[in-house]
Amino acid sequence: MIFRCYEFTGCGGCLTALAAVNPKEIHRKLKVKLYSALPEASKIKESDVSIVTGCIKREEVGVLKKIREKTSLLVSLGSCSSLGGLTYYLSLKEKGDRELYIVEELTRVDVTIPGCPPDLKDITLKFKLIAEGAKPLIEKTNVCSECVYQPQKPVSFKKERTYLEKGSRCLLEQGLICQGYFTVGGCGAKCPMGNVPCYGCRGPVNQFMSHIFMDFLQDKFGLNPEEIIEETKYYLKKV
Ligand code: SF4
Ligand code: SF4
Ligand code: SF4
């Protein structure tokens, strides 16, 4: 069984996460090949599973289509490939024009594994399911459901991203903007467990929960629409 992993336009963090995957934990006959330099479309080989990371440039669309053609199952890994994420945001800010695409705008995606970078345990779990013939779905639960705390009403809003002492309370309650409420779970609430607010890297569970959270930021924290956009700009919306 071969999993081929291709890095398009990103920071390299997703490929680094993939390099840490132990193939033996997934399937005894699994080979994982990483392509940090994108091959020409004519050099793309057949594979059981292809994993794509990063956003897609216009000139890379042909390579992506060839990967789709040569694979049984296509996985979009990381928030850049599934949401646009940091790469899309920075490119748009710098160039003013849209130059990047997410994978599902260009071709059919079978499995999405979000995260910036994606969580190693989550990748291993989903790859195991894929190797067994399943198509794991994106979580419907939020980060709060994996957190030892429970979201509470904040006392006051703190603009700074304070790193707090461990083992205290829900970060929202302490006045920090933790986006766990509307963010897709699956990472084990990694950031709040380290007392760092969730910045929403796995994307929104759904638009309804995003709107509830935005109203909450407006009502309880007194944020104006520009400040809300500033807080949620990287991962809230698909491009
Ligand atoms: S999702 Fe995050 S870690 Fe992966 S390529 Fe994009 S910026 Fe880098
Ligand atoms: S700390 Fe963050 S993730 Fe944990 S319960 Fe509070 S809002 Fe949710
Ligand atoms: S807690 Fe939030 S920001 Fe941290 S890894 Fe999970 S989804 Fe991403």
Touching a helix residue (DSSP H, G or I) at 6+ places or on another chain (Cβ under 6 Å) and either at pLDDT below 90 or assigned to a loop (DSSP other than H, G, I, E, B) (or both) - does that describe any residue in region 158-170?
no
Conditions (1) more than 8 Å from ligand 3 (Cβ to nearest atom); (2) assigned to a loop (DSSP other than H, G, I, E, B) -> Arg202 fails only (1)
If I filter region 88-118 down to residues being among the acidic types (Asp, Glu) and either assigned to a helix (DSSP H, G or I) or modelled with pLDDT of 95 or more (or both), which single residue comes out as nearest to ligand 3 (Cβ to nearest atom)?
Glu104
Single residue of region 213-239 satisfying the filter (in a helix (DSSP H, G or I) and exposed (fewer than 13 other Cβ atoms within 10 Å of the Cβ)) that is modelled with the highest pLDDT
Asp215
Select from region 165-183 the residues that are within 7 Å of ligand 3 (Cβ to nearest atom) and of a type outside the set (S, T, N, Q) and list them in ascending order.
Gly180
Return the pairs, sorted by first residue and then second, in which the second residue is buried (at least 23 other Cβ atoms within 10 Å of the Cβ) and modelled with pLDDT under 90, the first residue lies in region 188-206 and is under 17 Å from Lys140 (Cβ atoms) and assigned by TED's automatic domain parsing to the domain that holds Pro151, the beta carbons are less than 7 Å apart, and the residues are 6+ apart or on different chains.
Gly200/Tyr235; Gly203/Tyr235
Among the listed residues Gly115, Gly78, Gly84, Gly54, identify the single one that is out of contact with any helix residue (DSSP H, G or I) (no Cβ under 8 Å at 6 or more places or on another chain) and on the phi > 0 side of the Ramachandran plot.
Gly84
Of the residues in region 72-123, those that are aromatic (Phe, Trp, Tyr), closer than 18 Å to Cys201 by Cβ and crowded, with 20+ Cβ neighbours inside 10 Å come to Tyr88
Residue list for region 9-33, filter: in contact with a Leu (Cβ under 9 Å, 6 or more places away or on another chain) and among the polar types (S, T, N, Q):
Thr9
Take Leu92 and tell me if it is closer than 22 Å to Ile113 by Cβ and not assigned by TED's automatic domain parsing to the domain that holds Glu230.
no
So, first residue within 8 Å of ligand 1 (Cβ to nearest atom) in region 10-26, second residue among the hydrophobic types (A, V, I, L, M, F, W, C) and part of a loop (DSSP other than H, G, I, E, B), Cβ within less than 9 Å, six or more apart or across chains; the pairs are Cys11/Cys116; Gly13/Cys116; Cys14/Cys116
Run down Lys128, Lys121 and say which single residue is modelled with pLDDT of 95 or more, part of a helix (DSSP H, G or I) and more than 26 Å from Lys70 (Cβ to Cβ).
Lys121
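The values are calculated or read from the model by the stated rules, or taken from the named source; none is laboratory data. The model shown is predicted, which means the values in this text are computed figures rather than measured ones. Note that we place each Cβ from the backbone using ideal geometry, even for glycine, and neighbour counts take in every protein chain shown.
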